[in-house]
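A short reminder: the numbers here are calculations on the coordinates, not readings from a lab. Keep in mind that this is a model prediction, so the values were computed, not measured. Here the Cβ positions follow ideal geometry from the backbone for every residue, glycine too, while neighbour counts run over all protein chains shown.
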Amino acid sequence: VPAKFLFAAHTGPGDDAFDFLLPVSLIAEKSGSIANIEGAIQEFQPVWLPMGEARPEWEVLIALARELGSGEEWTDLTDVREAMAREYPFFKKSHE
């Protein structure tokens, strides 16, 4: 593995195992989705703004994709979700 990246909302004892530490928002500070215990995807919205330089993972991934020249035209969370659903059927909403 040429480089190891850690996306984390706080520091921890295993941080030194990674080459890059990227501060990301706490779950209450971002929009996103999780899979519940039944496997259904549930979306959520932020309760408050992130502190410092923390950003949601999807914003960090969009910035990395641009820097690496991926060619993707993602601009927001909806674009990322749609790309994930195309690539991985698990992320498709049940009503689609």
The size of the Cβ-based charge dipole (Lys, Arg +1; Asp, Glu -1) of the chain about the Cα centre, to the nearest 20 debye, is 180 debye
Loop-only check: which trypsin sites (Lys or Arg not before Pro) in the range 1-72 are DSSP coil with at most 13 other Cβ within 10 angstrom? Lys4
Signed unit charges on C-beta, dipole axis of the chain, positive-most listed residue Ser33, Pro50, Gly14: Ser33
Per-residue ellipticity at 222 nm for the chain, helices alone: DSSP H runs ≥ 4 residues times -39500 (n - 2.57), over residue total, nearest 500 deg cm²/dmol? -7000 deg cm²/dmol
Calculate the FRET efficiency for Ile41 and Asp15 from the Cβ-Cβ distance with a Förster distance of 22 Å, rounded to the nearest 0.05. 0.15
Neighbourhood charge, 15 Å Cβ-Cβ cut-off, centred on Ile62 and excluding it, Lys, Arg +1 and Asp, Glu -1: -4
Add +1 for every Lys or Arg and -1 for every Asp or Glu among the other residues with Cβ under 12 Å from the Cβ of Leu21, and state the total. -3
For the range 4-24 and the range 50-93, what is the centre-to-centre distance using only Cα atoms, to the nearest Å? 19 Å
How large is the charge dipole for the range 1-46, taken about the Cα centre, if only the Cβ atoms of Lys, Arg (+1) and Asp, Glu (-1) carry charge, to the nearest 20 debye? 60 debye
Do any chymotrypsin sites (Phe, Trp or Tyr not before Pro) in the range 1-86 lie in a DSSP loop with no more than 13 other beta carbon atoms within 10 Å, and if so, which? Trp48
Once both label points are put 7 Å beyond Cα along the C-beta direction, the Trp48-Met84 separation in nm becomes 2.5 nm
Once the other residues with Cβ under 15 Å from the Cβ of Lys4 are scored (Lys, Arg +1; Asp, Glu -1), what is the net sum? -3
